[in-house]
Amino acid sequence: MIRVAVAGAAGRMGATVCDAVTGAEDMELTGRADPELGVSVDDVLGDADVLVDFTRPDTALENIRLAVGAGVHAVVGTTGFDIAEIAAMPGDGKVLVAPNFAIGAVLMMRFATEASRIMAKAEIIELHHDRKLDAPSGTAARTAELMQGDVPIHSVRLPGLVAHQEVILGDVGQTLTIRHDSTDRTSFMPGVLLAVRRVGTLPSSPVVGLEALLFDDA
Ligand SMILES: NC(=O)c1ccc[n+]([C@@H]2O[C@H](COP(=O)([O-])OP(=O)(O)OC[C@H]3O[C@@H](n4cnc5c(N)ncnc54)[C@H](O)[C@@H]3O)[C@@H](O)[C@H]2O)c1
């Protein structure tokens, strides 16, 4: 059994992760950390093999630092912080950070990356619920980073949305639109559970993107 603690357990994503871990036959939910629950990340690390972090841009790095230092692996979904800082953290815990754990979003990024090598120009429109703290989204920033050329990003924040992205590519007399929609937060759970199962065996750390676990050439 993999012992899993969740940081941000009272949040929208964290609560969904707690349900998914509870429903997984090979995992045990050993801790729920969240200021809303009066439980700190330090309190839950002693009983965990893996910490899953879905918190805030201003707290994720400290949580990862605590986990790595305690030899606990970290699966991180929080977006909007400087991933480069993870590499210098002392400790034995391995880290996988993914801006998007939905398989369809990973495929969208891959197809957009390939199309950008051939088509003349591209822009990204990302649309999220209006409680999201960061803009542009981590998914859009990562997509633009992977694509060829300068790719502008437009951010929409409205109630009623969950997580959506359109990559529009243009060339002579034509456009190509690649769109992904997460209509429910359960869309992220197969990817999160896969990362929890695999993070401890990563050959290097940190690893960015779920694609590293899905494609041999990533
Ligand atoms: N990677 C992905 O696939 C993916 C998908 C959706 C959302 N996200 C990201 O996940 C993060 C969380 O999103 P959300 O909608 O669940 O937010 P949310 O505001 O609903 O939940 C965040 C929770 O973190 C808690 N928290 C704050 N500081 C903490 C700390 N130091 N330790 C533990 N918990 C702490 C808050 O009390 C809150 O309950 C955001 O950064 C969002 O962009 C990533």
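We did not get these values from a lab; they are worked out from the coordinates using the rules stated. A quick note: this is a predicted structure, and the numbers were derived from the prediction, not measured. Note: ideal-geometry Cβ built from the backbone for every residue, glycine included; neighbour counts use all protein chains shown.
When the Cα positions of His73, Val97, Ala20 are compared along the charge dipole of the stretch 1-150, Val97 comes out farthest toward the positive end, with charges on each C-beta of Lys, Arg, Asp and Glu. In order along the stretch 32-41, the phi-based Karplus estimate (6.51 cos²θ - 1.76 cosθ + 1.60, θ = phi - 60°) of 3J(HN,Hα) comes to 10, 9, 5, x, 5, 9, x, 10, 8, 4 Hz; Gly and Pro are listed as x.
For the chain, a Gaussian network of Cα nodes joined below 10 Å ranks His129, His180, His164 by mean-square fluctuation, and the top entry is His129. Taking Ala115, Ala141, Ala24 as the candidate residues, the one with maximal mean-square fluctuation in a Gaussian network model of the chain, Cα springs under 10 Å, is Ala24.
Charging the Cβ of each Asp and Glu at -1 and of each Lys and Arg at +1, and nothing else, the dipole of the chain about its Cα centre rounds to 300 debye.
Seen against the Cα atoms of the chain and their longest principal axis, helix 103-116 is set at about 40 degrees. Between 0 and 90 degrees, the angle of helix 12-23 with respect to the longest Cα principal axis of the chain falls at about 60 degrees. Distant-in-sequence amide contacts of Ile2, defined by a placed amide H-H separation under 5 Å and a gap of 5 or more residues or a different chain, comprise Met27, Glu28.
Taking the C-alpha atoms only, the angle from helix 60-69 to the longest principal axis of the chain is near 50 degrees. Restricting attention to the chain, close to 45% of DSSP beta bridges with both partner residues there are antiparallel. Of the trypsin sites (Lys or Arg not before Pro) found in the stretch 58-167, those that fall in a DSSP loop while having at most 14 other beta-carbon atoms within 10 Å are Arg117, Arg131. Put simply, the amide H of Ala33, placed in the peptide plane, has neighbours under 5 Å in Val6, Ala7, Gly8, Ala9, leaving out anything fewer than 5 places away on its chain.
Working note: Karplus 6.51/-1.76/1.60 with θ = phi - 60° gives the stretch 189-206 the couplings 6, x, x, 5, 5, 4, 5, 4, 5, 9, 4, x, 9, 4, x, 9, 8, x Hz, where Gly and Pro are set to x.
Our note on the geometry: Cα centres of the stretch 81-133 and the stretch 159-218, 7 Å apart.
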